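Please read the structure below before turning to the comments.
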Amino acid sequence: MGGERGNIMKKIGVFCVISILLSLLRVDAGDIEKMGIAARTKEGQVIKCSPNGGDDTKTLLDGLKLLKEKMVLHLMPGEYEDSLQSSLDGIIVEGEPGGYCSVDIKLTGKNIIIRNMWCNHASTRGDTVIVDSIIGIFQTSWDNNKAQYSFYNCCLHAVMLGDYNHKVYLRNCTIVQNAKDNFCVSMWYGGYVSVEDSIMYSESRCFRLDGNPELHIENSMVYGALSLAVDDGYSSRTKGTEAVDVKGFKKICRLKTMGEIIMEKPTFAAKSKKSVAEVSTHGAGISWSTERDKDLNIFKLEKGSVGEGKNLGANLNEDGFPVPKTK
């Protein structure tokens, strides 16, 4: 009897240790906020670029030749013909608040920061912090590297996860997806997504799920005109299952919710007209338009809308660009 009791106590002890370790590993909203605030002020030698160079600026290609690890690549607004590609670790890519850059960003290094940027497409491979930015579509890499992607105070049209080892954290973000049959977040092979104090709105569905992914939704607004999510996995036994409520969500993913989850349709100060995120429904292809909505009120809740005044989504200035909150 004593031996049996001892085995039970050992199992309880192991369970407690595992529970404590899991709680320590979890990244909470406060951590993402701290990462975002730190990313705003991190310094490094600055290389300033403009579409044509001149006036103490470099062209993008010349700037990339000078760029080294832990440097800052500052992009002036404008129409860039070349893409921004780099494999360097620890670099910071920044724009100017409210200034649009028609540049395709592809970064494969580790510990990347993107801030004050407004562009239609960005893709990174290693750990990345994105703050105070508007990204049309953000895409993780398609290999099985472990990486964490942390968004703080950002606006987007779509996020794509390419592997089950990828973790995405959205804190005080606004995602508006107006393209039919596309999604706010696409999880092709599982993965983990945390949505906190954010707004997700889709004319179709908020989530495209595959591989029994893990979702954490806390104090957020999640609305899809057709449904909240669909299981679009190739071999999943629940393939084609639509989730129209939290109960349905739990049938096609590992869902955890906290706080108030608003599932009513919001209204925005302006209607999105340009579809910058055109994602293939089978994941084989992805394209993005060079067009964009110039009226950034597409991300701002209309006065009197459901969710307005609840501190949800990105903090926007009068022009609709994400900016830090003033104390």
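Taken together, the residues in region 198-230 that are more than 14 Å from the chain's Cα centre (by Cα) and of a type in the set (Val, Ile, Thr) amount to 2.
Matching residues to (1) at pLDDT 95 or above; (2) over 16 Å from Cys173 (Cα atoms):
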{"residue": "Arg115", "(1), (2)": "yes, no"}
{"residue": "Asn120", "(1), (2)": "no, yes"}
{"residue": "Ser133", "(1), (2)": "yes, no"}
{"residue": "Phe138", "(1), (2)": "no, no"}
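Checking each residue of region 179-195 against the condition of being out of contact with any Lys or Arg (no Cβ under 9 Å at 6 or more places or on another chain) and crowded, with 22+ Cβ neighbours inside 10 Å gives no match. Of everything in region 129-155, what is under 18 Å from His216 (Cβ atoms) and either outside any loop (DSSP other than H, G, I, E, B) or of a type in the set (S, T, N, Q) (or both)? Give them in sequence order. Scanning region 129-155 gives Thr140, Ala147, Gln148, Tyr149, Ser150, Phe151, Tyr152. Every condition in (1) part of a helix (DSSP H, G or I); (2) within 30 Å of Gly259 (Cα to Cα); (3) modelled with pLDDT of 95 or more; (4) not basic (Lys, Arg) is met by Ser19 except one, and the failing one is (3).
Screening Tyr223, Tyr164, Tyr169 for residues that are touching a helix residue (DSSP H, G or I) at 6+ places or on another chain (Cβ under 8 Å) and not β-branched (Val, Ile, Thr) leaves exactly one candidate, Tyr169.
Looking at region 140-156, which of the residues that are under 10 Å from the mean Cα position of the chain (by Cα) and within 18 Å of Tyr189 (Cα to Cα) is modelled with the highest pLDDT? Here the answer is Tyr149. The set of residues in region 197-213 being closer than 30 Å to Gly309 by Cα, of a type in the set (D, E, K, R), without any contact (Cβ under 8 Å) to a residue 40 or more places away in the chain and not in a strand (DSSP E or B) consists of Glu203 alone. So, Lys273, is that one outside any loop (DSSP other than H, G, I, E, B), of a type in the set (Lys, Arg) and modelled with pLDDT under 95 or not? Spelling it out, it is not the case that Lys273 is outside any loop (DSSP other than H, G, I, E, B), of a type in the set (Lys, Arg) and modelled with pLDDT under 95. Residues in region 71-120 that are under 20 Å from Tyr149 (Cβ atoms), part of a loop (DSSP other than H, G, I, E, B) and not small (Gly, Ala, Ser): Leu88, Asp89, Ile91, Val103, Thr108, Lys110, Asn111, Asn116, Met117.
The values are calculated or read from the model by the stated rules, or taken from the named source; none is laboratory data. As the structure is a prediction and not an experimental result, all values here were calculated from the model. As a convention, Cβ positions derive from the backbone with ideal geometry for all residues, glycine included, and neighbour counts pool all protein chains shown.
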